[in-house]
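Heads up: the structure comes next, in structure tokens.
Each reported figure results from applying straightforward, stated rules to the coordinates on display, with no laboratory input. Please read these numbers as outputs of a predicted model, since none were measured by experiment. Reconstructed Cβ throughout: ideal geometry from the backbone, glycine too, with neighbour counts over all protein chains shown.
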Amino acid sequence: MKIIDGGVCAAKGFKAGAMRCGIRKSQTKKDLAMILSDCECSAAAVYTTNRVKAAPILLTMEHLKNGKARAVIVNSGNANACAPFGIENARREAMAAARALNVPLEDVIVASTGVIGQTLNVECIEENAGNMEMKYDNSLTAAEAIMTTDTKVKTIAVEFELEGTACRIGGICKGSGMIHPNMGTMLSFITTDCAISPEMIQKALKADVKKTFNRVTVDGDTSTNDMCTVLANGMAGNETITQEGKNFDAFCEALHAVTEDLARKIAGDGEGASKLMTCTVAGAADEVTAELLSKSICSSSLVKAAMFGSDANWGRVLCAMGYSGAPFNTEEVTVEFASKAGSIAVCEKGRGLDFSEETAKKILSEEEVEINVTLKEGDGKVTCWGCDLTYDYVKINGDYRT
């Protein structure tokens, strides 16, 4: 497996396009994107666990009941969530894509991101979607169009082999704030030319997001609009994957490489963030326990604030573990901070160690920092991703709507 260029256009038979149609206040930013496969695809998706689900999610759930799709339309600037005419406007947006791309309405995935509670200006989508230029090398433009408070484009693609047949899988995503485990304000669109059945691609995606996107936290808020979709058009020509085995495992490995990379990029680009924070808990009784502990640490506002200040305040790590709800032996906890500048142990057997504050500050001043926690209760090991909590987070969210 190797990393390649191309994002959602890396796989054979996928086009993308983007444009500014007037949904956003900005006079320059693109706010509408579409992705199209040359042929029908096996399709899978996972959605937010928030009980309040945006209209595009409800419509996409309906469209994907048969496990098939061919196109995606996504707008930024308006979430079409808790909004007047929500389902009607989501359907009109899907119809605009269906007309523009000449595909059946039920083969269109719809997604939206932006402000909650405001009526979507669907008329501008209907008027402009047909003018969008769709090209086979246009992934970057589409990735830019779905950004809201994101500061960095998030894209990745890899090539892998299935019994001598080269297959490709790539994706784009957006996500910066209102992100918490169990999908945050995150839209992710993944495409592959691998031939795989709808049942197996859904199985692969559902298992994978538990270990990637659902292990990202920025601010503790789970969005109404989260969605991750995968389209597989089979144009690589491999024998269709219809059951578990080595080919399914190889596909899952490639999917994981894509989703983990995107998950890390989301965490590192959290609203106002200056650091990517990686937390690994090892030696827990089981994976469930390790995940509860790691998520709690990554979600702690006090831990995140300490990372912003490059402060080796390990007591906040133990505190977050303690209220996680996960059982563990508090007398057998080791905590280490690390980065490319080195590593330093700050706690052993649940008690503080003498350490150089100067060295610790140097380690925690890097753009990517690690919190490594070791227990002695089993083989459970989980890594979660988050970011520091900065002054800019409040600035961004204090007047986001107005």
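A few points about this structure:
- Equivalent-ellipsoid semi-axes of the range 1-46, from the Cα gyration tensor, Å, largest first: 26, 15, 11
- Ratio Rg/Rh [Cα only; Rh per Kirkwood] for the range 1-158: 0.94
- For 63, 256, order by how many other beta-carbon atoms lie within 10 Å, fewest first: 256, 63
- Spatially, the range 63-140 and the range 239-318 are offset by 31 Å when compared through their Cα centroids.
- Spacing of the two label points (7 Å from each Cα toward its C-beta) at residue 319 and residue 377, in nm: 2.1
- Rg/Rh (Cα only; Kirkwood hydrodynamic radius) as it applies to the chain: 1.00
- In a DSSP loop and with at most 11 other Cβ atoms within 10 Å, the trypsin sites (Lys or Arg not before Pro) in the range 1-100 are 25, 51.
- Each label was represented as a point 7 Å from its Cα along the Cα-to-Cβ direction; for residue 38 and residue 305 these points are 5.6 nm apart.
- Taking every DSSP bridge with both residues inside the chain, close to 70 percent are antiparallel.
- Net lengthening on full extension, residue 87/residue 3 (0.36 nm per residue, minus Cα-Cα): 26.4 nm
- Calculated from the alpha-carbon coordinates, the range 238-392 shows an Rg and a Dmax of 17.1, 59 Å respectively.
- Fraction of the pair-distance distribution of the range 81-202 above 24 Å, Cα-Cα pairs, percent: 40
- Stretch in the chain that is longest and holds no GluC sites (Glu not before Pro) that DSSP places in a loop and that have at most 15 other beta carbons within 10 Å: 1-132
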